[in-house]
1. Please go through segment B:1-27 and give me each residue that is assigned to a helix (DSSP H, G or I) and more than 30 Å from B:VAL113 (Cβ to Cβ), ordered by number.
2. What is the residue count in segment B:390-435 for residues that are at pLDDT 90 or above, within 25 Å of A:SER57 (Cα to Cα) and hydrophobic (A, V, I, L, M, F, W, C)?
3. Pull up segment B:330-375, narrow it to residues that are over 23 Å from the mean Cα position of the chain (by Cα) and assigned to a helix (DSSP H, G or I), then point me to the one that is farthest from B:ASN238 (Cα to Cα).
4. Scan segment B:320-337 residue by residue and report those that are of a type in the set (Gly, Ala, Ser) and either modelled with pLDDT of 95 or more or surrounded by 17 or more Cβ atoms within 10 Å (Cβ to Cβ) (or both).
5. Of B:VAL11, B:VAL15, B:VAL47, B:VAL20, which residue is surrounded by 12 or more Cβ atoms within 10 Å (Cβ to Cβ) and not charged (D, E, K, R)?
6. Within segment A:4-45, restricting attention to residues that are in contact (Cβ under 8 Å) with a residue 60 or more places away in the chain, closer than 24 Å to B:ALA334 by Cα and polar (S, T, N, Q), which residue is farthest from the other protein chains (Cβ to nearest Cβ)?
7. State the number of residues belonging to segment B:93-106 that are touching a Gly at 6+ places or on another chain (Cβ under 9 Å) and closer than 14 Å to B:ILE34 by Cβ.
8. Any residue in segment B:377-400 that is over 20 Å from B:PRO356 (Cβ atoms) sitting within a Cβ distance under 8 Å of a residue that is part of a helix (DSSP H, G or I)? List the pairs, counting only those 6 or more apart or interchain.
Amino acid sequence: MTTLKVNGQEHQIEADADTPLLYVLRDELKLNAAKFGCGLGQCGSCTVIVDGKAVLSCVTPLLLVEGKQITTLEGLGTDEAPAPIQRAFMEEQAAQCGYCIAGMMMRAQALLQRNSKPTDAEIRAELAPHLCRCGTHMRILRAVKRAAHLMDTAELLPANQGSAR
Amino acid sequence: MARSGIIGGVVAALVIAGAVLGVVLVWRPAIAAIDPPSPQSFAPELVKRGRELAALGNCNDCHTVRGGKNFAGGLPVPTPFGTIFSTNITPDAETGIGRWSEGAFRRAMRLGVDRQGRHLYPTFPYDHFTNVTDEDDRALYAYLMTREPVVAAARPNQLRFPFNQRVVIAGWKLLFLHRETYHPDATKSAEWNRGAYLVEGLAHCGACHTPRNALGAERTKVAFSGGEADDWSAYAINTKSPAPVAWDADALDFYLRNGWHPDHGTARGPMAQVVKNLAAVPASDVHAIAVYMADVFGVPHAARDRAAVVAEARSGVGRAPDSEGAAIFAAACASCHDSGRPPPYGGINLALSSAPSAPDPRNLVNIVLAGVRPVEGERSPIMPGFAGTMNDQQIAVLVNYLRSRFTSQPPWGGFEKTIEEARRTQTAYLTTSAAPTSAPASATQRDKP
């Protein structure tokens, strides 16, 4: 039995210690934002935030995240009150098929929590582990910049934002 | 009276002789400055040859900083004596080598003396470059003098006394700079000799792969027994090689040209830049290096083939019981490393990799933490790093598991410090934050993958 803290809630999980976190999030907790892409830690679509760091959940066994704060995209905002990173991606229309985008947003979120004014080069370097086959890369870059701006101008945000941090 | 006069005369003569000898050993004249030659004054074929030679010599690796202009210098090279910064070897007249004649360039390569007559520190591996022929020096000179000139003054070295006195270098040279380190061997093939000339000379493989003595010189009696390169260990590349499957000329040739080999894995750390440069080198030269080095590797007494090594690792599954390490391996590593797909699209079977078998866990820890980054603009193997997922204790558990599961070597003991250091040096460049955490963690951080 493993205790997982996901988006502020505790869950008792029965899966084996070597089960990838992604499987538990999707199959047991029904949190489907993180995607199964390659299963090899090579595409980034399974990225979630663990204790403030972007982590590839498909190659992360449960035993490594026990007791840590796990945040998925669902923990950042809702349809009614999207988080700045989500708003920015929508406003820039950064998704085409969208498969990679949840992972992109999570790593961008982790970056912005650490560094509120990243340069273009820093954003590119940070998102390098993520693959997007639709090719909306330029929009994704713009969205991350926009999110940084939104986070800096807090008065634009709905009142309940930032709770997931 | 007469007697003391004679003694006084002898003493005076000795003092003068000593001074003359000292001057002869230490003093080197400046070579007249020239106006920077125009790029058009060099034959294009000579420049092209020079480019290949510069790639063989890995010149850009030390003389370029990440994100900086090619050959403009400024890379900190940590040594036990302090930090030495590489210099600008672009043809800029004031801060580079624009005013150097070919003779001055050749003297630097052969004797480690700059145009102005100052002794250069042997971090510039002239103990190898002294073997380079006049003809090759001419081509290298032509190549460098036709690069884009960059204004970049050399950064002052940070060396402790007495090492900050260049006169010390003259003594070092007296002890360790010998030109006879390479002799053609008539009993060997032309290709072997070509390889020997390159390996012992321009390619300076021993600079990393040979251990050094207390004065920082290569211990040539144990050449190629393994040394250090930045924060990586440079494996032994002689009979002491930790490779589970013996290297041969074909494997070396493939590895040096591609950066990976299905029986050996991927070139990482400073070796990644070496193989990247070798891609621009004529295939015949790489093959010559492979032929010579296969001879240096020799035939290990317990040579095993791939099938035997893999079979033994399989049968060894029971060696490490169901443990935390096994669970981490199952979820984090096995999807690539136990998939049966060989590199570059799958991960190497770790029973074949040198890293878990090596005498020191440093390279394995480096790779687990930082992963294998893709080489920009190239098809290359990749692996995610686990610095953000595992704490030091978990890294240790995994590394111990890999050692016991995939090798028959005794466990590594007490490598907590290795993990701490690797976390500091290997992950600094992975973290991009505004400041100050994005600064290199130490002078030992080369700021490049």
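The values are calculated or read from the model by the stated rules, or taken from the named source; none is laboratory data. Because the structure is a prediction, the values reported are computed rather than measured. Please note: Cβ atoms are built from the backbone with ideal geometry, for glycine as well, and neighbour counts cover all protein chains shown.
1. B:ALA2, B:ARG3, B:SER4, B:GLY5, B:ILE6, B:ILE7, B:GLY8, B:GLY9, B:VAL10, B:VAL11, B:ALA12
2. The qualifying residues number 9.
3. By that ranking, first place goes to B:ALA331.
4. Correct list: B:ALA320, B:GLY325, B:ALA326, B:ALA327, B:ALA330, B:ALA331, B:ALA332, B:SER335.
5. On the way: B:VAL11 fails: surrounded by 12 or more Cβ atoms within 10 Å (Cβ to Cβ); B:VAL15 fails: surrounded by 12 or more Cβ atoms within 10 Å (Cβ to Cβ); B:VAL20 fails: surrounded by 12 or more Cβ atoms within 10 Å (Cβ to Cβ).
On inspection, the qualifying residue turns out to be B:VAL47.
6. First, pick out the residues of segment A:4-45 that are in contact (Cβ under 8 Å) with a residue 60 or more places away in the chain: A:4-8, A:33-35, A:37, A:42-45.
Narrowing further to those that are closer than 24 Å to B:ALA334 by Cα: A:4, A:34-35, A:37, A:42-45.
Next, from what is left, pick out any that are polar (S, T, N, Q): A:42, A:45.
Working: A:GLN42: 6, A:SER45: 13 Å.
Filtering first and then ranking leaves A:SER45.
7. Applying the first criterion (touching a Gly at 6+ places or on another chain (Cβ under 9 Å)) to segment B:93-106 yields B:95-96.
Within this subset, residues satisfying the condition of being closer than 14 Å to B:ILE34 by Cβ are B:96.
Selection size over segment B:93-106: 1.
8. Once the first residue is over 20 Å from B:PRO356 (Cβ atoms) and sits in segment B:377-400, its partners that are part of a helix (DSSP H, G or I) give B:GLU378/B:LYS276.
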